[in-house]
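The values are calculated or read from the model by the stated rules, or taken from the named source; none is laboratory data. Everything numeric here is computed off the predicted structure, so don't read it as measured data. With ideal geometry, Cβ positions are generated from the backbone for all residues, glycine too; neighbour counts draw on all protein chains shown.
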Amino acid sequence: MHHQTQEPPIVLRARQHRDRLAFFGNGGDHSYADLLRRSEVVALGLLKGSDDLAEERIAFLVPTGIDYAAVQWGIWRAGGIAVPINSGAAVPEIEHVLVTAGARRLVVTPDLISTIGDLSARLGLSVVAPDTLAGSGPLPDIGCSRRAMILFTSGTTSKPKGVVFTHAMIEAQASTLVKAWRWQAEDRIPLFLPMHHLHGIMNVQTCALWAGAAIEPFTKFDADAVCLRVAERAYSVFMAVPTIYNRLISWLEQTTGTPAAQETLAGFGAMRLMVSGSAALPASVHADWAHRTGQMLLERYGMTEIGMALSNPYEGERRAGSVGVPLPGVDLCLVSESGEQIDGEGAVGEIWVKGDTVFSEYWNNSAATSESFEGGWFKTGDIATFERGYYRIMGRSSVDIIKSGGYKLSALEIEAALLDHPVIAECAVVGLPDDEWGERVAAAIVLEGGRTISLQDLQDWASERVSAYKLPRALLCVGSLPRNAMGKVTKPDVKALFLDKNQT
Ligand code: MLC
Ligand code: AMP
């Protein structure tokens, strides 16, 4: 009897759109048939004659576009777990990801090989260029409960943790959003977000490809390039973080009155849907955008561990400063400090979430996994209130988590890196409010024996150790750090040191 291979859900979906475009733009036009073919080649090449990768972790460092998607799907189709690597990461950060995930193979394009420094020799890593992959034979059956992907996310521990996604979770997240936001095969979207985090990977790429829509890939966000294509009416859907909306507003201000600005405004106005998320969208930016373009941004709230949980409605009031209501299938409640579930108008508490989109484990870290759940609920650490039918995010329960440019950063991770500096004796990292970035990383340090260091020198030194977006943007050298009676650094007082200084 002929055996029909059980394929990852997104691959099955793609078979319905074989002749449609999956990717377009400067990197060329590529159909779904092309993506299916290329991902099969990657899968067979990775299998090298074995029947199944059996959840081997395959790291990959490949530019956004058809190549990235083909490698990601290829790993899935061969039965592996895809571990995307941040192309802007520092070598020690990549090492942490590879070692924690236990990845022995890295798929990397020649243009990005220098990103990994000496790691292949040091870790005995097998490095493979995607276009050298080839093979033949059948592909394994991929059940939905299999693990598919690990995304690393910073948090209240000093090193990022690996959030494990199964195919079932990916299916739940994509199908929920495709329905809620009415994705259609005719949609076209630009993709300029980093491809090692949820927003770019799931909300943009996976949802678009789930729906049979087309993606224009960019290696990074560039306002000039994106606005030019918006003016040409290249897109129907747009998804970005608040810092990008700030940049677009600056671009529109700088070009006011030019024909290019007029066309760009009209292009934004004509889109079907524009979404903001990953960090709080100031109500002033929401209003400014609506005033300029006529578009009411749809703000939603999510997290790597839970996918998207709250969303303003596609139809109905999109309220500035609010994140709307739970998406279908998401169970959500607010919990007070004393651990009681609270609801009703004006309730304030930590967001706890349950549902098919929620992850079930941090990779190889059962202690962190069990700490983050209670009674089956995932505890997000985000504080929200419920007002007139909508949720509003008020902040976070931990001062050690910073959101800058939509990236979640761990103050503890940055402190640990800075403490490796030979003259830094103590340090405390905080997030300062910032109009462009949401928050900005600031470091208060105590130096050994009367030494000094400039911000620039500190950044130059630290850039070998952490990604650019984690670098301190403000520095204070102090004689001692503010501490409480227990000897613990009091972060609100550290923040006050910077804010007081700015006022004088
Ligand atoms: C970069 N710079 C920063 C910075 N990032 N400064 C302060 N804070 C930061 N976070 C500096 C650079 O070093 C550079 O400095 C200058 O800003 C301009 O750099 P750039 O290269 O133009 O910045 P760019 O790389 O374009 O970054 C801006 C950005 C990017 C907004 C496009 O940060 C971005 O793509 N953010 C999205 C992150 C994201 O996808 N998060 C989702 C996580 S998932 P100099 O001195 O060299 O000029 C998630 C779940 C959910 O949150 O709900 O979605
Ligand atoms: P990450 O861990 O990178 O997935 O980031 C998830 C975090 O981003 C959440 O825990 C929130 O703190 C924050 N976040 C995401 N969307 C929003 C939003 N719309 N408003 C405020 N914070 C948000």
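General observations
- Residues of the range 40-51 that are in contact with a Pro (Cβ under 7 Å, 6 or more places away or on another chain) and surrounded by 15 or more Cβ atoms within 10 Å (Cβ to Cβ): VAL42 alone.
- When the range 272-316 is filtered for residues that are of a type in the set (S, T, N, Q) and either closer than 23 Å to GLY329 by Cα or in contact with a strand residue (DSSP E or B) (Cβ under 6 Å, 6 or more places away or on another chain) (or both), the ones remaining, listed by number, are SER276, SER278, GLN295, THR304, SER311, ASN312.
- Filter result for VAL466 (in a loop (DSSP other than H, G, I, E, B) and either within 16 Å of ligand 2 (Cβ to nearest atom) or surrounded by 11 or more Cβ atoms within 10 Å (Cβ to Cβ) (or both)): yes
- Test: residue in the range 441-449 that is under 24 Å from the mean Cα position of the chain (by Cα), more than 16 Å from ligand 2 (Cβ to nearest atom) and surrounded by fewer than 18 Cβ atoms within 10 Å (Cβ to Cβ): no
- For the range 365-388, the set of residues classified as assigned to a strand (DSSP E or B) and away from ligand 1 (no atom under 16 Å from the Cβ) consists of PHE373, GLU374, TRP377, LYS379, THR385, PHE386, GLU387, listed by residue number.
- Test: residue in the range 391-403 that is hydrophobic (A, V, I, L, M, F, W, C), more than 20 Å from the chain's Cα centre (by Cα), surrounded by 14 or more Cβ atoms within 10 Å (Cβ to Cβ) and within 16 Å of ligand 1 (Cβ to nearest atom): no
- Candidates THR153, THR157, THR115, filtered to the one that is more than 16 Å from ligand 1 (Cβ to nearest atom), surrounded by fewer than 21 Cβ atoms within 10 Å (Cβ to Cβ) and among the hydroxyl-bearing types (Ser, Thr, Tyr): THR157
- Residues in the range 231-254 that are in contact (Cβ under 8 Å) with a residue 12 or more places away in the chain and away from ligand 1 (no atom under 16 Å from the Cβ): ALA231, GLU232, ARG233, ALA234, TYR235, SER236, LEU252.
- Remark: THR157 matches the filter, which requires a residue to be at pLDDT below 95 and within 19 Å of the chain's Cα centre (by Cα).
- Of the residues making up the range 1-39, just one is of a type in the set (Asp, Glu) and buried (at least 19 other Cβ atoms within 10 Å of the Cβ), namely GLU7.
- Scanning the range 450-471 for residues that are over 21 Å from ALA90 (Cα atoms) and touching a residue at least 24 places away in the same chain (Cβ under 8 Å) yields a count of 3.
- Against the test of being in a strand (DSSP E or B) and touching a Ser or Thr at 6+ places or on another chain (Cβ under 7 Å), the options VAL429, VAL441 yield a single qualifying residue, VAL441.
- Top-ranked residue in the range 167-217 [being outside any loop (DSSP other than H, G, I, E, B) and basic (Lys, Arg); ranked as surrounded by the most Cβ atoms within 10 Å (Cβ to Cβ)]: ARG188
- Within the range 291-327, the residues that satisfy the criterion of being among the polar types (S, T, N, Q) and in contact (Cβ under 8 Å) with a residue 40 or more places away in the chain are THR304, SER311, ASN312, SER322.
- Inter-residue pairs, beta-carbon under 6 Å, first farther than 13 Å from ALA384 by Cβ and in the range 330-351, second part of a loop (DSSP other than H, G, I, E, B), 6+ apart: VAL330/GLY355; ASP331/GLY355
- Within the range 100-119, the set of residues being of a type in the set (Gly, Ala, Ser) and either within 19 Å of ALA82 (Cβ to Cβ) or touching a residue at least 40 places away in the same chain (Cβ under 8 Å) (or both) comprises ALA101, GLY102, ALA103.
- Any hit, the range 486-501, residues being touching a Gly at 6+ places or on another chain (Cβ under 6 Å) and either at pLDDT 95 or above or within 26 Å of GLY88 (Cα to Cα) (or both): no
- Cβ-Cβ under 6 Å pairs, at least 6 apart or on other chains, the range 142-154 side in contact (Cβ under 8 Å) with a residue 60 or more places away in the chain, far side charged (D, E, K, R) and more than 11 Å from ligand 1 (Cβ to nearest atom): ARG147/GLU55; SER154/GLU413
- Filtered residues of the range 407-435 (kept if within 16 Å of ligand 2 (Cβ to nearest atom) and farther than 17 Å from LEU499 by Cα): TYR407, LYS408, LEU409, SER410, ALA411, LEU412, GLU413, ILE414
- Close pairs from the range 407-425: first modelled with pLDDT of 95 or more, partner of a type in the set (S, T, N, Q) and within 16 Å of ligand 1 (Cβ to nearest atom), Cβ under 6 Å, at least 6 apart: LYS408/SER154; LEU409/SER154; SER410/SER154; GLU413/SER154
- Summed over the range 202-216, the residues that are among the aliphatic types (A, V, I, L, M) and more than 16 Å from ligand 1 (Cβ to nearest atom) give a count of 4.
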